[in-house]
Structures are given as structure tokens and as C-alpha cells.
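Peer 1: Structure incoming, see below.
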Amino acid sequence: MSSLTRFGGRLAVRLQSLTRPQVIVLIAVLAVVAGIWTAAATGHQGLATSLVAVLMLAVLLGILHLSRWMGGLHRANQAAHRDLRTVVEQMQRRVVATVEKERLTAGDRHQELHRTITKGLRQYGHGTDLLLRAQSREIEAMFQLFAEFTPRAPMPSSGDFALNPTELLDLLHLVRLRSPRLVVELGSGTSTVWLAYALEKTGGRLVSLDHDEEYASRTRDMLDAHGLTAVAEVRTAPLSDLSVDGKTYRWYDVEKLSDVRGIDLLLIDGPPAATGPDARFPAMHALESRLAPIATVVLDDANRPDEQDAVRRWLENVAGLSAEPRLLGRHAVLSYSRSGSRASAVPA
Ligand SMILES: C[S@@+](CC[C@H](N)C(=O)[O-])C[C@H]1O[C@@H](n2cnc3c(N)ncnc32)[C@H](O)[C@@H]1O
């Protein structure tokens, strides 16, 4: 009894979930079945047979409809399957392309890194080679300097802020050849001591300017230690404003050289570049009138852009100034001949 109740309950639930067309079809089938049963019971065999035929036709149509519906479902399923396969294939292709691209990029990067490392190693080797050659040049120059002079006290270091041995050698060669009676140096230091030794031999005098009292005092102490104070003196000349062609520069106080006339050799190695742009450019403007009629001008660090520019402007604007061939070092040598003086008077 209870299983019949459960069956009834389940049937009721199923019936409630039917769609409207399904309910209509069910009612129609039930009506035909009821008609067949009633016709058979009342002896109307012909009607019962006709209703059975109608019922069978309806069942046949139902089966046809069902098979068409299932065919559509199958086709839709196949289309969905095809779409899914296309999407999967596209994704596979994309993944393969991305992996290939990354592989090629990694290969390129590897090659680039290899090239950079190879280039770096070559440059390093080249740089080391250049450094070694430069060092040997400086060592050779140092031997020649000490072969020429025997210092009476330890010599201060060369290089860095001071002139290199090659420049000192070239400078002292000029002093030996030209025997200047008066040398003015802008920027004191190691070069002051070497110049003083050279002038002691040739009978000249050196006035060195330094904008910094501390460095001026160190150089004075060195001159004192080497017994060269009779040949060379260091004057402290703080930087002050100097106007050249409408532009203001920081340059030595020119008053400190007010008693100086007839400079045979001018060595420009100051003020330091850190004091301002074109720091050494004003030298010719400030001191041309104090040069001897025939003089030599040496500018250190002539490989730097500011100094190259200064030399170019001096050669363009200072009458009687011309560039001389240089033997060694990174300085420029210029010869000066005031108009009316005979340039040939400058010894080789
Ligand atoms: C290029 S240095 C002059 C060097 C000098 N003619 C020589 O060859 O020894 C120019 C100025 O820099 C300053 N100076 C010298 N040695 C320095 C150093 N080690 N550090 C900073 N300034 C220095 C001094 O005031 C000097 O007058």
C-alpha cells in the first residue's frame, strides 16, 4: 500500500514537471485510449479500430519527432566538439609560437651578451695595453729627468694634479734650449721645483702663482727644502673677477704680477678646471702685455675641450701667436712674437 502511495507521489511530481505541450499530448493520448476502451466496451469495434490506428499514427509521429530532435542534438554536439577542437588547436599553436619566440629571444640575448662580454674583454685588454705603454713612457721620462738633475731633497710626486714626467721632460728641454731669463708659472706644485732646478742651471728666475694659500705654502716649503728659494718664488694670488670680451671669469689677481715684465716662458697650468668653465682662457688676455717680445707659452692639459677651445681662440685673436710642434706630453706649445720682433730669434 505504501509503495503504491510512493509511486503516486513520484508520478504527481513528474506530471508537475511536464511542459504545456507535453501535458496537451498526454491528455490527447489518454482521451484516445479512453475512447478505444469505451468503443470496445460498447461494441463499436469499427470506432475502436480507427482510434487504435490514430493512436499508432500519433506514436509513429512522436517517434519521428523524437528521432529528428535527437539528430539535431547530435549535430549540435558534433559542432560544439569541432569548435572546441578548433579552440584547443589555436591555443596549442599560440603556446608553441610563444615558446618558440621566447627561445629565439633568449638565443638573441645570449648572443648579445656573448658579444658584449667579448667586446668588454677586448677593450679591457686594449685599455691595459695602453696603460702599460703610457706607464713605460712615463718611467722612461722619469729616468731621463733624474739623469739630468740630482735633487738635493726628495722630489715631490708627478702626475695627477702635477705635470707628468713626459711633460716635465719636454718643458725642461725647452728651458735648456731657450734659456728663458724669466719664467712665470700659473699653478704651483711639483713643476715649480723641477723648473727651479732647470733655471738654476741656465741662470733664469721663476715666479709661480697659486690661488690657494695652502698649496702655495707647500710649494714654498719644497723650494726651501731643495735650496731653490733664490731661483723661484711662489706668490699667492686669490681668484677674482676678470672681464674678457664682456664675459666674466674667475682668474688670478693680476696685481700680484704688477712688477713682472718680459716673461720669456709662460707655463699655464692653473687655475684648476674645477674653478669654472674656460678657467685658463683669460691667461693670454691678462698677460700678453707682460710677455717678452719673443716668448714661449706652454698650456698643460691641452687635450681637454676647454683648453683646446682656448688655444683655438688665442691663435685666432692674438697677433704673433703660432702653434709649435710638440715632442711629448699632453700640453700645447705656442710661440709668441710681438709685431716688429723677429720670430727667428726663438731658438729651436
Ligand atoms: C694643475 S695644479 C698645478 C700643478 C703644478 N703645475 C704641477 O705640475 O705640480 C693647479 C692648482 O691645483 C691646486 N692643486 C695642486 N695639487 C692639488 C691636489 N692634489 N688637489 C687639489 N688641488 C690641487 C693648486 O692650487 C694648484 O695651483
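What follows is calculated from the coordinates using simple rules that are stated; it is not laboratory data. If you're wondering where the values come from, they're calculated on a predicted model, not measured in any experiment. Don't worry about glycine lacking a Cβ; one is built from the backbone with ideal geometry, like all the others, and counts go over all protein chains shown.
Peer 1: Can you find, among 4, 61, 37, the residue sitting farthest towards the positive end of the charge dipole of the range 1-116, where Lys and Arg contribute +1 and Asp and Glu -1 at Cβ?
Peer 2: After comparing all options, I get 4.
Peer 1: Taking 0.36 nm per residue of sequence separation and subtracting the Cα-Cα distance, how much length would be gained by fully extending the chain between residue 221 and residue 322, in nm to one decimal?
Peer 2: Value of the extension gain: 32.7 nm.
Peer 1: Where a ≥ b ≥ c are the square roots of the eigenvalues of the C-alpha gyration tensor, would you call the range 2-82 rounded, which needs a/c under 1.5, or, failing that, prolate if a/b is larger than b/c, or oblate?
Peer 2: oblate
Peer 1: Label 7 Å along Cα→Cβ of residue 73; the range 13-43 residues with amide nitrogen under 17 Å?
Peer 2: Residues passing the 17 Å test: 18-19, 22.
Peer 1: With a Förster radius of 35 Å, plug the Cβ-Cβ distance of residue 11 and residue 50 into 1/(1 + (r/R0)^6) and report the FRET value to the nearest 0.05.
Peer 2: About 0.75, to the nearest 0.05.
Peer 1: According to the square roots a ≥ b ≥ c of the eigenvalues of the Cα gyration tensor, what is the shape class of the range 266-324, taking rounded for a/c under 1.5, prolate for a/b larger than b/c otherwise, and oblate for the remainder?
Peer 2: Cα axes put the range 266-324 in the prolate bin.
Peer 1: Just subtract the alpha-carbon distance of residue 123 and residue 60 from 0.36 nm times their residue separation and send over the number in nm, one decimal.
Peer 2: 13.3 nm
Peer 1: Could you sort 17-29, 197-209, 304-316 so that the peptide with the highest average Cβ count within 10 Å comes first and the rest follow in order?
Peer 2: Highest to lowest by the protection proxy: 197-209, 304-316, 17-29.
Peer 1: On to the next question. Taking 7 Å along the Cα-to-C-beta vector as the label spot, tell me the residue 135-residue 161 distance in nanometres, rounded to one decimal.
Peer 2: The two pseudo-label positions are separated by 2.5 nm.
Peer 1: Hey, another quick one. Work out the charge dipole of the chain with +1 on the Cβ of Lys and Arg and -1 on the Cβ of Asp and Glu about the Cα centre, then indicate which of 161, 262, 144 is farthest towards its positive end.
Peer 2: 161
Peer 1: Amide H of residue 244 versus every other amide H placed in the peptide plane: which residues, excluding those fewer than 5 positions away on the same chain, fall under 5 Å?
Peer 2: Here 249 satisfy the definition.
Peer 1: Then there is this: Using the eigenvalues of the Cα gyration tensor, what equivalent ellipsoid semi-axes result for the range 149-345 when each is taken as the square root of five times the eigenvalue, whole Å, largest first?
Peer 2: Taking √(5λ) for each eigenvalue gives 24, 20, 16 Å, largest first.
Peer 1: GluC sites (Glu not before Pro), restricted to the range 1-105: which are DSSP loop and have at most 10 other Cβ atoms within 10 Å?
Peer 2: Within the range 1-105, no GluC sites (Glu not before Pro) qualify (loop, at most 10 other Cβ atoms within 10 Å).
Peer 1: Ok, one more. By how many nm would the segment from residue 248 to residue 115 grow when fully extended, if each residue of separation counts as 0.36 nm and the alpha-carbon distance is taken off?
Peer 2: 43.0 nm is the gain from fully extending residue 248 to residue 115.
Peer 1: Another one. According to the Kirkwood expression over distinct Cα-Cα pairs, how big is the hydrodynamic radius of the chain, in Å?
Peer 2: Averaging 1/r across every pair of different Cα atoms and inverting gives 29.2 Å.
Peer 1: Mean residue ellipticity at 222 nm from the helices of the chain, using -39,500 (n - 2.57) per DSSP H segment of n ≥ 4 over the full residue count, to the nearest 500 deg cm²/dmol?
Peer 2: So the helix-based figure for the chain works out to -20500 deg cm²/dmol.
Peer 1: Can you tally the net charge around residue 148? Count Lys and Arg as +1, Asp and Glu as -1, for every other residue whose Cβ sits under 11 Å from the Cβ of residue 148.
Peer 2: +2
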